Amino acid sequence: SSDQGRIQFVPIDEMETIREPLLIVRGYFRLIRVALEPAPMPADGAPLPVSEDDLLRMALSLLKQLGTSLKLSVQTALDAVARNQAEASYGVDPLRRNKTILYYLKNSLRYIHPQISKHVKLLGPTYRSLCDISEAFISILKFEKCNLENVASNFESIFEWKALKSLSLEMDELKLVWKMTGVHLRSAVMRLLKFLDDGLTNLQAALVSCSASRDGCNSVPISSPDGQSKIIIFLLARITSLICTERRFRVCTMRSSNNEDVLEEDEKQLIKEAILRLIQIRGLSAAAGAVLEGGYDHESHTPLFKMTAGLGFLTVKYLGKLLELSDLENSDHCIVTYVGIDCLINLSSHDLHRGISTIKRQENERAESLMFADPVPLGKLFMETHVLKILFPPSPSYHDFMTTKRPRSAAILKLCESILFADIPACHQYLIKSGISTSKCNPQNWATTLLSDCIMFIEHATHVLYIPKQPSSGQRYLTTELMKKSTKLQHKLLISWLAETSSKNTDLVNNCSRNHPLTNEIILETIHRRIISSLVSNAQFAKQDSLSLAALSSQLLFHCHTATRLRRNISTLLIRVLLRFRKFGVDDRQFNYEVSLQDQNSLVHRILQELSESTLWKPQLHDSSKESGSKRKLRLKPKSPSCGYSMDDILAIIPLLEALSQHAHT
C-alpha cells in the first residue's frame, strides 16, 4: 500500500527513484501462492496459527490490489501514448513494461487459475483484472506498431545503417511480444471454456432431473441457481472480451497487408468453441422457457428454470459482440461477421454432439426433456435466426441495399439454407411435440414464434441476395438493370428451394431429393410472404418483384416438363396467395396485410396470362398434309393432356383453376 509497492512505468532516466515493476509483481505472486497452497500440518498436531479462510481473504486482497495497481499503471501508459503517439511510446522503457505484463499474464494462468476450482471467489478478481490489463496492453502495442510503421515509411537515406538496424530490432521485439501475448490470451480462453463446460454439465444434469420428475423430488441438485447464473454470465463476458481483445491487434496487422482473411485458424477455432457454448446455453434456455410456458409450478424447481430461461437474452448479446454485428459499417467488422457466420454454419456433427449432450433419451419423453438432453440443435436454430434478425430488420427498403454494409451474399445464402435444410429438420421433434399453437387464447407459443421469425427474416434476407456490393456505374442506388438481374436470380433460387434442390443444383426437372415436410412448409410461407409483402409495398421495384415471382411460378406450373413435386408445391403456393390475400404465415397476427382489389386483380391477371400462353391451354397448329399427302391445310388441335402431362400433373393444376374461378366470382 506504500509508494514502494506501487507499480509504475517511467522513463529510463527515472528508474532509480522507484522500485523495479517486475520485482513488485513477483513479490505479489510469491505471497499469493503461499496463501493459496496448503500449509503442512505441524508435527505435534497443533492448530495452524492462521485459518484457511483468513489465508484466502489475504490472497483475494493481494490479488485485487495487484490487479488494480497494474491496471492503473498500464492505463496511465496508454493515455500518455494516446496523447503523443510520436514520443510518449518511447518515453518509458518498453522492455521492462512488456516483461512485467507478460509475467503477470503467465503466472495468473499458471498459479492462480488451478486454484479457482477449489476457491470460486478467485474467479472474479483474476479474470476481471486480466481482461482489463490485456485490453489496455493491446492498445499500447497497436500505437507502437503504428509509430514504427510511420517511421519506416518516412525513412530517408540520410539515416545510418545502425538506425535502420535498430528499427528492425524494435519491430522484431514487438512481434515477439505480441506472439507471447496472443499465446497467453488463447490459453486463458481455453481454460475458461473448460471451466464453463464443467458448470454446464452440472446445470444440464439438474435440469434433466427436475424435468423428468415433474411430480417432484423435493431437492434441486444446484443449491444456488442465482450464484450459478452469475458465474455463467461472468464466464461468457470474459471469454467474449478476451477473444475480441486478441482480434483487435490481428485485424490491424492484416489490414496493413491488405489481406481480407483477418482471422487465422486458431482464432477461428476459438470463435467456433465460444459459439458452441453459446448454442448449448441458448438451447437449455429455450427448453426452460418451454417448461415455464407449459405451466410448471413446482416451487422448489421453478427458480432453476427461471434462471436458465433468463440466460437466453445474454447469449444472443454475446453472440452479437463475438460476430461484430453492431457496427457493420466498419469493413473489418463486416469481414469478421462473415467469418463468424461461416463458423456458426459449419459446426460439424462432431462439434454438435460433443460436450454436454451425453444423457440418454427415452422414446416417450416430453419435448422439454428431449431438449434438455440435447440442446444444441434448437440452440443453433435460435442463434442463426437471431443473426438474420440483426442483419435484416423488419420492413427492408430497396433503395438502402447499396448504402448498408452487410456480409457477402454467399454467407447470407449459406445461413438461410442451413436453417431450412439442416436445422429445422433437426429440430422437428421438439417443434412437433411442443405443438405449433392454433389456440385463440394462446396463439403464439415459443415454437410458433420461432417459426414465424424464421419465415420473416429469411424472406427479408432473400431481397439482398445476388446484389453487387458496388454498382458498376458508381451510382449510389441500384439501377433498373441491376435490380432486374438480381431479382431474377433471387426468384430462381426460391423456386429451386421449392423444387427440393440446393442452390448449387437448380435442375427443376430431374431431381430426386426431398425436403423435410416442415422445411417445405417454411419455404412455401416464405415465398407467400414475399409475394404479398412486395405487392402491398410502395417501394421501388416492389410490385414488379411480386408480379415477376408469381409469373415465374405460373410458367413452371403450366409447363409440360416441370417435375410433379414442384408442380404440386407451386399450385399450393398460388392457391394460398389467392385464398389468403389478407392474412398468411404461421402467426396471422404478425403477418397481416390488406391487399387492394387493384393489386389482387393485377396478380390474378398475370397468372391467367401465363395460363393462356402455356402449352396446357394454347392450341397447336396441326399440319394435315403430312397424314393424307393432299394440299396442306392448317387446323387447330387442342393440346392433349397425355402429351407431357401425367394425371398427377392435371390433379395438381385443377385446384388452382378452382381458386381462380372463386376469385373471379368474388
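The values are calculated or read from the model by the stated rules, or taken from the named source; none is laboratory data. Because the structure is predicted, anything quoted here is derived from the model rather than measured. We place every Cβ from the backbone using ideal geometry, glycine too, and count neighbours over all the protein chains shown. Calculation scope for accessible area: heavy atoms of the full protein, side chains included, ligands and nucleic acids excluded. Shrake-Rupley method; radii C 1.70, N 1.55, O 1.52, S 1.80 Å.
Taken over region 54-75, the criterion of being crowded, with 16+ Cβ neighbours inside 10 Å and among the basic types (Lys, Arg) is satisfied by Lys71 alone.
Determine which member of the set Ser553, Ser534 is in contact with a helix residue (DSSP H, G or I) (Cβ under 6 Å, 6 or more places away or on another chain), buried (at least 22 other Cβ atoms within 10 Å of the Cβ), assigned to a helix (DSSP H, G or I) and at pLDDT below 90.
Details: Ser553 fails: at pLDDT below 90.
When all the criteria are applied, what remains is Ser534.
Report yes if Leu579 is at pLDDT below 85, surrounded by fewer than 19 Cβ atoms within 10 Å (Cβ to Cβ) and hydrophobic (A, V, I, L, M, F, W, C), otherwise no. Let's see the steps before the verdict.
Details: at pLDDT below 85: yes; surrounded by fewer than 19 Cβ atoms within 10 Å (Cβ to Cβ): yes; hydrophobic (A, V, I, L, M, F, W, C): yes.
Considered against the rule, which asks whether it is at pLDDT below 85, surrounded by fewer than 19 Cβ atoms within 10 Å (Cβ to Cβ) and hydrophobic (A, V, I, L, M, F, W, C), Leu579 comes out as yes.
The set of residues from region 537-550 being open to solvent by 10 Å² or more (accessible area, probe 1.4 Å) and modelled with pLDDT of 90 or more comprises Leu547, Ser548.
Residue count for region 511-543, restricted to those that are free of Cβ contacts under 8 Å to residues at least 40 places away in the same chain and closer than 15 Å to Val595 by Cα: 3. Applying the condition of being modelled with pLDDT of 85 or more and open to solvent by less than 10 Å² (accessible area, probe 1.4 Å) to region 386-402 and asking which residue is farthest from Thr337 (Cα to Cα) yields Leu388.
Highlighted here are the helices (runs of 4 or more DSSP H) found entirely within region 281-365 that include at least 2 residues which are among the hydroxyl-bearing types (Ser, Thr, Tyr), open to solvent by less than 20 Å² (accessible area, probe 1.4 Å) and modelled with pLDDT of 85 or more: 311-322. On inspection, Met180 fails the criterion of being at pLDDT below 90 and aliphatic (A, V, I, L, M).
The single condition among (1) open to solvent by less than 20 Å² (accessible area, probe 1.4 Å); (2) farther than 15 Å from Phe421 by Cα; (3) modelled with pLDDT of 70 or more that Pro471 does not meet is (3). Looking across Met254, Met171, Met190, one residue alone is at pLDDT below 90, in a helix (DSSP H, G or I) and touching an Asp or Glu at 6+ places or on another chain (Cβ under 8 Å). It is Met254. Just one residue in the set Ile112, Ile133 is at pLDDT 90 or above, in a helix (DSSP H, G or I), aliphatic (A, V, I, L, M) and over 21 Å from Leu270 (Cα atoms); that residue is Ile112.
Going by the conditions given, is Ile222 open to solvent by less than 10 Å² (accessible area, probe 1.4 Å) and either assigned to a helix (DSSP H, G or I) or modelled with pLDDT of 60 or more (or both)? In short, no.
If you take the residues of region 203-219 that are polar (S, T, N, Q) and at pLDDT below 85, which of them is most open to solvent (accessible area, probe 1.4 Å)?
Going through region 203-219, the residues polar (S, T, N, Q) turn out to be 204, 209, 211, 213, 218-219.
Keeping just the survivors that are at pLDDT below 85 gives 209, 211, 213, 218-219.
Details: Ser209: 48, Ser211: 5, Ser213: 32, Asn218: 140, Ser219: 77 Å².
Here the answer is Asn218.
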